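Every number here is computed from the coordinates shown, using simple stated rules; none is lab data. A quick note: this is a predicted structure, and the numbers were derived from the prediction, not measured. Every residue, glycine among them, receives a Cβ derived from its backbone with ideal geometry; neighbour counts consider all protein chains shown.
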Amino acid sequence: MRPLAFSERGLADPTVSLTALLRGERPDTSGSSPVDLVTYTDEILRSGLPGVRDLPERARRLQLDSYVARIVERELPENGVAVRRPGALRAWLTAYGAATSTDAAYSTILDAATAGDPDRPARQTMDGYREQLQRLFVLDPVPAWTPSFSPLTRLTRTPKHHLVDPALAARLVGIDREGLLTGRGGRVAATSGSWLGALFESLVTQSVRVYAEAAGARVGHLRTRGTEHEADLVVEGDDLSVLAVEVKLAGTVEDKDVRHLCWLREQLGDRLVDSVVVTTGPYAYRRKDGIAVGPLALLGP
């Protein structure tokens, strides 16, 4: 089971159903959310792990640190993985966390983890660790979407990097509430955007995957090889219907923010049953171009 989706955290009553969007029902998109940017930031750091989120701040940080240490020092060895250099594995996990919401190459993540280390681990060693961390459900990457019966052919196949909970990424890289809100901290292979934007996307991704699984759907991401177009999340049902999801940290949505969704609609035609922009704003509504807009707090299964 994944950590708590946003709708399960009790901050607001959802008014926009992902299942209804995916079914092409064009549901009523309305409602207002009491959740603001600061609260979303706090939710990123609080974690969706029920045993962690309600602890005092210092105890929560210690619990997240202990979770990572237990994975490296106990759970991997108990699963037959010999971790000869725990410090190197933790450095790799930190670099992976710093690549949250990107599709950085694994070689780039390894380079970031071992900068200045003359005795860097072999790529094959780190690949083995990565595969085990996915099996243990610590890493939760979003695979690249590979559409069937589609004119889209020049797409990347690299997954988008996410830990199972964005609170773990924040803790690994040592970013706190003030740092997120003021834009501090370095990221791996990110050409634009802020730390808060990356972790908010990870928070949205966590919830969308929970809702999609409840609807029997799969989640991927889309990016063309030249990075001209992308969709943060693509939800595909068993009938091959597609719901495109764009994530925006901003509270308002402009025409430029939906250009990739409009392009994807032109490519897929009726197969794209709906599109939604998930924001930190207060209101859910539908734009004149038909694209739904809604705050994460109002999105539910």
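One chain, two ends: Asp119 and Ala189. Fully extended at 0.36 nm per residue, the span grows by 22.9 nm beyond their Cα-Cα distance.
Counting Lys and Arg as +1 and Asp and Glu as -1 over every other residue whose Cβ lies under 10 Å from the Cβ of Gly193, the net charge comes to 0.
Using R₀ = 22 Å, calculate the FRET efficiency as 1/(1 + (r/R₀)^6) where r is the Cβ-Cβ separation of Asp255 and Arg218; round to 0.05.
0.15
Along the chain, counting only GluC sites (Glu not before Pro) with a DSSP assignment other than H, G, I, E or B and at most 10 other Cβ atoms inside a 10 Å radius, the longest segment between sites is 1-227.
Distance from the Cα centroid of segment 76-128 to that of segment 155-220 is 18 Å (rounded to whole angstrom). Extension gain for Thr182-Glu25 works out to 52.5 nm (0.36 nm per residue, less the C-alpha to C-alpha distance). A straight Cα-to-Cα reach below 21 Å connects Lys288 with the lysines Lys248, Lys256, residues fewer than 8 places away in its own chain not being considered. Among the listed options (1) 81, 47, 38; (2) 56, 45, 33; (3) 76, 48, 34, the one matching Cα extents along the principal axes in Å as calculated from these coordinates is (2).
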